[in-house]
1. Restricting attention to region 129-155, which residues are in a helix (DSSP H, G or I), modelled with pLDDT of 80 or more and hydroxyl-bearing (Ser, Thr, Tyr)?
2. With the condition kept exactly as written, say whether any residue in region 145-153 is under 21 Å from residue 252 (Cβ atoms) and either surrounded by fewer than 24 Cβ atoms within 10 Å (Cβ to Cβ) or of a type outside the set (A, V, I, L, M) (or both).
3. Determine whether residue 30 is farther than 22 Å from residue 202 by Cα, at pLDDT 85 or above and under 17 Å from the mean Cα position of the chain (by Cα).
4. I want to confirm something. Restricting to region 278-301 and keeping residues that are over 18 Å from the mean Cα position of the chain (by Cα) and touching a residue at least 24 places away in the same chain (Cβ under 8 Å), which single residue is farthest from residue 149 (Cα to Cα)?
5. Condition first: free of Cβ contacts under 8 Å to residues at least 40 places away in the same chain and under 17 Å from residue 348 (Cα atoms). Now tell me which residues in region 302-331 satisfy that.
6. Restricting attention to region 319-368, and to residues there that are among the aromatic types (Phe, Trp, Tyr) and closer than 30 Å to residue 145 by Cα, which single residue is surrounded by the fewest Cβ atoms within 10 Å (Cβ to Cβ)?
7. When you go through 169, 115, 165, 158 one by one, which is the residue that is surrounded by fewer than 20 Cβ atoms within 10 Å (Cβ to Cβ) and at pLDDT 80 or above?
8. Could you tell me how many of the residues in region 72-100 are of a type in the set (Phe, Trp, Tyr), within 18 Å of residue 255 (Cα to Cα) and surrounded by fewer than 23 Cβ atoms within 10 Å (Cβ to Cβ)?
Amino acid sequence: MKKMKSIQDEEDTLLGKRVYHLYRARFAMLAIYGSIGLFNNAIWVAYTPIVEQASETYGVDEGAINLLAATYLACTIFLTPLGSWMCDVKGPRAIVVTCGILNTLGAWIKYASGGNFWILLVGQLFCAVAQPLFLPVPPKLTANWYGEDERTVATGIGSLSVVAGIAVGYGLSIGLVEEEPNNCCKHLNLTLAILVTIPSVLGLIFFRDFPPTPPSSSSGAERDDFFASAKNVFREGPFIVLLCTISPGYGICTALFSLIGNLATGQGYSEELSGLVGVVLVTSGLLGAIIFGTILDETKMFKQLIKLAFGCAAIAVTLFLLAMQFGWPPWVVLFLSGISGFFLLALLPMCVELGVEVTYPATEGVVTGALLLIGNFYGLIFFFILQILIKDEDSDGDLDSTLSLWVLLGICWICCLGSVFIYGDYKRLDFERQEKGEEFGQAGDPNSGIQSQYAGDSLSDHEY
């Protein structure tokens, strides 16, 4: 990698005006960030599909094992403002390095815990503290490194690579419990400790906040500071509406991922199936984020695509939960979970990017942090409500999650109906278009005498 240079030293010009370049190193930055977040989230839900085995290993009840996942939700509520501040003031590198250290320490403490639940909980807390710090990073990272026609896809990959850790956690748990049913927890902790250490070291060595030159006019533009952004975003009506729709939806996702094992077994399905449901939800969600993000980057139809995804997600989740409720075959449950994840998880990066658009020039860290803070607050409430409802026992003495499924379904439709009211102007896009008009004339305008580099929205990759 070439030595970093200042933006001024690397600035290219076209007839005295700035030309914006993209650097291949942007893919490495996104990969390092995504890997750290991926394995952090794998640690979050690693015991969710194997609650019974974990409770036997550590000599506690299943509620205590579920508490391991709840620590993430609690830390996110209290520490997301700190993550937003670090993202905007200290930069993404400070977060990547800090979270890498916390992840590595926490993972190895969990491995060293043996069968002691309290040492295990301490290690989990180290990793839980890291999550709210790195969650606000994707839109800031993509704004610093990616062009305007790549941002939504890159934000989606960054956001959902973190969520993909849930699939990794489920997959590792299922695989190890089948191979080593008596020592699955020990081997799971060791595997995750090794995996989380690798990207942490890479982040410490290679990760950077900025490329040599900005990728777009908005990236190099003057922005509100952290505290001004925090004050101004809550004065924006479109952002308040977005908070009231996507935040409860995000809360549904976090509660669902934390309790999928109990929800599935409460309807008579196996723990292995619950793990597979988590894997399918996340992988299909990543695919949905890429497809919707690509369409969004091409069309800039934020509001229309978000409303479409909300409606499709509500229908798909309804069918998915009804399938579990009425005991449909496992393959049907898996198929419907994939359709649900495709639309449901694709909403997060689109709504984050819309939040940045309607609040510009507020900083990305504040906008993302606010959405995730409220979302995790909802998630923590939903988690405890659903866990209480799941503990209602049927006549055979088994857990019954029927009431929890209906509550989830009702919340999902409330969010869907609320999405109808989403509105707002695309302020960041307007700023970038104005900058292009000022610097180059309108792209392709025969009267300007200059053909803009952005005509056709084309950008060239440069070696970095």
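The values are calculated or read from the model by the stated rules, or taken from the named source; none is laboratory data. Treat the numbers as computed from the prediction; the structure is a model and nothing was measured. Here the Cβ positions follow ideal geometry from the backbone for every residue, glycine too, while neighbour counts run over all protein chains shown.
1. Those that are in a helix (DSSP H, G or I), modelled with pLDDT of 80 or more and hydroxyl-bearing (Ser, Thr, Tyr): 142, 155.
2. Going through region 145-153, the residues under 21 Å from residue 252 (Cβ atoms) turn out to be none.
No - not one qualifying residue is present in region 145-153.
3. no
4. 300
5. 304, 308, 312, 316 - these are the residues of region 302-331 that are free of Cβ contacts under 8 Å to residues at least 40 places away in the same chain and under 17 Å from residue 348 (Cα atoms).
6. Step one: filter region 319-368 for residues among the aromatic types (Phe, Trp, Tyr), giving 320, 326, 328, 331, 335, 342-343, 360.
From what's left, closer than 30 Å to residue 145 by Cα: 342-343, 360.
Working: 342: 24, 343: 22, 360: 24.
Among those residues, the one meeting the criterion is 343.
7. Matching residue, one of 169, 115, 165, 158: 115.
8. Our first condition is that a residue be of a type in the set (Phe, Trp, Tyr); within region 72-100, this holds for 72, 78, 85.
Within this subset, residues satisfying the condition of being within 18 Å of residue 255 (Cα to Cα) are 72, 78.
Okay, now just the ones that are also surrounded by fewer than 23 Cβ atoms within 10 Å (Cβ to Cβ), so 78.
Summing the residues that are of a type in the set (Phe, Trp, Tyr), within 18 Å of residue 255 (Cα to Cα) and surrounded by fewer than 23 Cβ atoms within 10 Å (Cβ to Cβ) in region 72-100 gives 1.
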